[in-house]
Ligand code: ADP
Ligand code: MG
């Protein structure tokens, strides 16, 4: 349903800098219900790719289509979660969850009904009246994800959403996102630096490499399905298949780094 065909992005030169070929001929399809994870070193064009899908940026050449229609800008069918959440810190959890719907002109009763449903999904019951600035980083990020989901987007776009969390909170948040993904049947595009996170969460993995940014490898992944079928996250991540895959991916990334150096 989301199709990217031969998309390239060239950032023009500024004062003294050279133009940057941030993406070259990227081909990517995101099917309904697919969880695509993009992995790659800093500067390889991951955020540029997300910004193309979000419609924040137009490609220099190539095409992006959603259900056959060209993407010409941002839309409610695509919601973005950033690493640094964009919540209103002085507003409470419920008001933050309802805020996106308010901007869309949804009636008050409806938007608070939806917001309350997400309190449960996010495990934030009892915190509805707490101002967001008083919550932990992990809880704030859950509110951020919830706010993106209240708009009922077709695709959830996440740019290193868990990068600022401590290890344990991050694992819990990975599990929660997978459960939400399964329950809601959304397509997800997630960017991460963490090989383990990429392998655990994705149903499809793309590995990117810089200068110019390209997709160099693609893999189908079974691990999130195993977790959702009842295996514990620890067992999945400690399994021989997971470790073998992790070594394969690390090998690819280190080889790319050496080529670039
Ligand atoms: P990533 O998210 O993988 O770290 P980005 O997509 O942010 O990579 O950036 C890819 C490349 O494009 C980098 O070399 C970055 O410096 C450059 N870049 C990103 N945004 C701009 C911009 N607005 N203008 C010029 N160059 C940019
Ligand atoms: Mg980035």
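The values are calculated or read from the model by the stated rules, or taken from the named source; none is laboratory data. Because the structure is a prediction, the values reported are computed rather than measured. Using ideal geometry, Cβ is built from the backbone for each residue, glycine included, and neighbour counts are taken over all protein chains shown.
Is there a residue in the range 234-241 that is in contact with a strand residue (DSSP E or B) (Cβ under 6 Å, 6 or more places away or on another chain) and closer than 25 Å to residue 170 by Cα?
Step one: filter the range 234-241 for residues in contact with a strand residue (DSSP E or B) (Cβ under 6 Å, 6 or more places away or on another chain), giving none.
Scanning the range 234-241, I find no residue that is in contact with a strand residue (DSSP E or B) (Cβ under 6 Å, 6 or more places away or on another chain) and closer than 25 Å to residue 170 by Cα, so the answer is no.
Could you tell me whether residue 75 is within 19 Å of residue 192 (Cα to Cα) and modelled with pLDDT under 95?
Values: within 19 Å of residue 192 (Cα to Cα): no; modelled with pLDDT under 95: yes.
When the stated conditions are applied, residue 75 does not pass them.
Is it the case, given these coordinates, that residue 155 is within 15 Å of ligand 1 (Cβ to nearest atom) and within 14 Å of the chain's Cα centre (by Cα)?
Numbers: within 15 Å of ligand 1 (Cβ to nearest atom): no; within 14 Å of the chain's Cα centre (by Cα): yes.
No.
Might you check whether a residue that is under 18 Å from the mean Cα position of the chain (by Cα) and more than 13 Å from ligand 2 (Cβ to nearest atom) occurs anywhere in the range 3-21?
Start the filter on the range 3-21 by keeping residues that are under 18 Å from the mean Cα position of the chain (by Cα), which leaves 3-4.
Restricting the remaining residues to those that are more than 13 Å from ligand 2 (Cβ to nearest atom) gives 3-4.
Looking through the range 3-21, at least one residue is under 18 Å from the mean Cα position of the chain (by Cα) and more than 13 Å from ligand 2 (Cβ to nearest atom).
Which of the residues belonging to the range 184-194 are more than 16 Å from ligand 2 (Cβ to nearest atom) and surrounded by 19 or more Cβ atoms within 10 Å (Cβ to Cβ)? Break it down stepwise before answering.
Going residue by residue through the range 184-194, those that are more than 16 Å from ligand 2 (Cβ to nearest atom) are 184-188.
186, 187, 188, listed by residue number.
Starting from the range 14-30, take each residue that is farther than 16 Å from residue 58 by Cα and list its partners that are assigned to a loop (DSSP other than H, G, I, E, B) and more than 13 Å from ligand 1 (Cβ to nearest atom), counting only C-beta distances under 9 angstrom and pairs at least six apart or across chains.
Within 9 Å, the pairs are 29/1; 30/1.
Of all residues in the range 91-116, which are in contact (Cβ under 8 Å) with a residue 12 or more places away in the chain and in a loop (DSSP other than H, G, I, E, B)?
Answer for the range 91-116, where residues must be in contact (Cβ under 8 Å) with a residue 12 or more places away in the chain and in a loop (DSSP other than H, G, I, E, B): 91, 104.
Against the conditions (1) in a strand (DSSP E or B); (2) within 16 Å of the chain's Cα centre (by Cα), where does residue 64 fall short? Just the number, please.
(2) is the only condition that residue 64 fails.
Between 146, 163, which is crowded, with 20+ Cβ neighbours inside 10 Å and out of contact with any strand residue (DSSP E or B) (no Cβ under 6 Å at 6 or more places or on another chain)?
Values: 163 fails: crowded, with 20+ Cβ neighbours inside 10 Å.
Of 146, 163, the one residue that is crowded, with 20+ Cβ neighbours inside 10 Å and out of contact with any strand residue (DSSP E or B) (no Cβ under 6 Å at 6 or more places or on another chain) is 146.
Looking at the range 9-52 only, could you name the residues that are within 16 Å of residue 71 (Cβ to Cβ), within 12 Å of ligand 1 (Cβ to nearest atom) and either out of contact with any helix residue (DSSP H, G or I) (no Cβ under 7 Å at 6 or more places or on another chain) or part of a loop (DSSP other than H, G, I, E, B) (or both)?
Once the filter is applied, which keeps residues that are within 16 Å of residue 71 (Cβ to Cβ), within 12 Å of ligand 1 (Cβ to nearest atom) and either out of contact with any helix residue (DSSP H, G or I) (no Cβ under 7 Å at 6 or more places or on another chain) or part of a loop (DSSP other than H, G, I, E, B) (or both), the range 9-52 yields 48, 49, 50, 51, 52.
Looking only at helices (runs of 4 or more DSSP H) that lie completely in the range 188-261, which have at least 2 residues being under 28 Å from residue 152 (Cα atoms)? Even if it seems obvious, please write down each step before you answer.
Values: elements: 195-201, 223-228, 233-238, 240-260.
Passing ranges, in order: 195-201, 223-228.
State yes or no: is residue 124 in a helix (DSSP H, G or I) and either within 16 Å of ligand 2 (Cβ to nearest atom) or modelled with pLDDT under 95 (or both)?
Details: in a helix (DSSP H, G or I): no; either within 16 Å of ligand 2 (Cβ to nearest atom) or modelled with pLDDT under 95 (or both): yes.
No, not satisfied.
I need every pair where a residue in the range 200-224 that is touching a residue at least 24 places away in the same chain (Cβ under 8 Å) and on the phi > 0 side of the Ramachandran plot has its Cβ under 6 Å from the Cβ of a residue that is in a loop (DSSP other than H, G, I, E, B) and buried (at least 22 other Cβ atoms within 10 Å of the Cβ), sequence separation at least 6 or different chains.
So the pair list comes out empty.
Residue 80 passes all but one of (1) within 16 Å of ligand 1 (Cβ to nearest atom); (2) modelled with pLDDT of 95 or more; which number fails?
Among (1) within 16 Å of ligand 1 (Cβ to nearest atom); (2) modelled with pLDDT of 95 or more, residue 80 violates only (2).
Please indicate, with yes or no, whether at least one residue in the range 245-257 is farther than 26 Å from residue 136 by Cα, at pLDDT below 95, within 16 Å of ligand 2 (Cβ to nearest atom) and surrounded by fewer than 16 Cβ atoms within 10 Å (Cβ to Cβ).
no
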